Amino acid sequence: METTKRKYGNKGESVAAEWLNAQGWHILFRNYTCKMGEIDLVVRKGDCLSFVEVKSRHNKRYGRPAEAVTLIKQQHIRRVAQYCLLREQYALQIDKNTDFRFDVCEVLDTPEGTQICYIENAF
């Protein structure tokens, strides 16, 4: 059974994926899952491959959404990314010119509307 929190997270990931598509990024994986864990989005634009953590909130009462990407979470995402790179080399079209980075996409869903803050090279 999907929890309300998970449904809200999925909605934020959908908003982020649509926004990234509009910016010219290609979604290679959504919710990439392996024995090491999960990465919300794996996207590519030209020679840049990005592992994206999406954080959704209703307000900033507990700080900015990106603040929830702690050092421990960053280390976890890096390990999953390493696994993904090894297992999915063909699908990711990795070559010597490929640049890698870790981004965070904040999705703030307020009564005034949805706001997106995209942080490149977040960690």
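The values are calculated or read from the model by the stated rules, or taken from the named source; none is laboratory data. Given the structure is predicted, the values throughout are model-derived calculations rather than measurements. All Cβ positions, glycine included, derive from the backbone under ideal geometry; neighbour counts span all protein chains shown.
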Index of the failed condition, G46 passing every other in (1) in contact with a helix residue (DSSP H, G or I) (Cβ under 7 Å, 6 or more places away or on another chain); (2) closer than 25 Å to Y90 by Cβ
(1)
Inside segment 50-83, the number of residues satisfying the requirement of being closer than 22 Å to L20 by Cβ and basic (K, R) is 5
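Kindly state which strands (runs of 3 or more DSSP E) lie completely within segment 1-109 and contain at least 3 residues that are surrounded by fewer than 19 Cβ atoms within 10 Å (Cβ to Cβ).
Here the list reads 26-34, 37-45.
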In segment 38-67, which residues are within 17 Å of V104 (Cβ to Cβ), over 13 Å from the mean Cα position of the chain (by Cα) and of a type in the set (G, A, S)?
G63
Residues (within 17 Å of V15 (Cβ to Cβ) and modelled with pLDDT of 95 or more) located in segment 43-80
V43, S50, V52, E53, V54, K55
Contact list please: Cβ distance under 8 Å, first residue in segment 11-38 and under 15 Å from E88 (Cα atoms), second residue among the hydroxyl-bearing types (S, T, Y) and not in a helix (DSSP H, G or I), pairs at least six apart or on different chains.
E38/Y32
